[in-house]
Amino acid sequence: MTRAGRVLTALLLLAALTACAGPTVTAAEYRDKVAQTAKALTGLLVTARHAVELDLGGRMLPTVTDTVVTDAERDAVSVQTTIESRQPPDAESDRLRLRMDGPVRAATAVLTDLRIAVRSGDSGAQRAALARLEQPLGDLEQLSEVSA
């Protein structure tokens with residue numbers, strides 16, 4: 001292999017390794033990751049909710065609302081992928097993973113529904129999606145306190 005080939009291989013390996021979530025070694029670290037995930041998703045849901053509420057009230061351009069909701073959905077999927085890549089270090093952490101799974105999936109699903117409703121201009125579907133945000137928001141709020 002040439003020097004350029006070795007350098008390219010090393011760079012690709014470095015990029016692949018830094019793109020992965022690091023290991024979670026202890027139960028306390030896993031609880032911290034769950035709490036961070038819950039807080040991040042809560043922020044994304046609240047941001048999307050405010051944007052849609054402003055849009056429904058005629059105080060935000062639909063194109064801006066679309067951008068905010070689309071970005072929130074994309075970021076939520078990224079957060080979901082990151083937490084799902086973490087290996088729970090023990091049985092208690094695995095139970096916490098199972099407890100978190102539903103609210104995380106519900107949050108991303110509602111953001112997808114919200115994006116579709118915003119893009120189609122369907123205010124009824126937007127309001128219905130906003131109402132469905134409340135359950136994952138409440139669940140995520142509880143999960144954000146697991147590291148305390």
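Laboratory data are not the source of any read-out in this text; all were calculated from the coordinates shown. Since the model is a prediction, treat every value here as computed from it, not as a measurement. For neighbour counting, all protein chains shown are included, and Cβ atoms are generated from backbone atoms with ideal geometry for every residue, glycine included.
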request  = Find out how many positive minus negative residues lie around residue 46, taking Lys and Arg as positive, Asp and Glu as negative, among other residues whose Cβ is under 12 Å from that of residue 46.
outcome  = -1
task = Take the Cβ-Cβ distance between residue 99 and residue 74 as r, set R0 to 25 Å, and report the resulting FRET efficiency rounded to the nearest 0.05.
result = 0.50
query = Which translational diffusion coefficient, to the nearest whole µm²/s, is obtained for segment 25-143 from the Stokes-Einstein equation, given a Kirkwood hydrodynamic radius over C-alpha pairs, 20 °C and 1.002 mPa s?
reply = 147 µm²/s
task = Find the relative contact order for segment 25-143 and round it to a whole percent, using C-alpha pairs within less than 8 Å whose residues are 6+ positions apart.
result = 37 percent
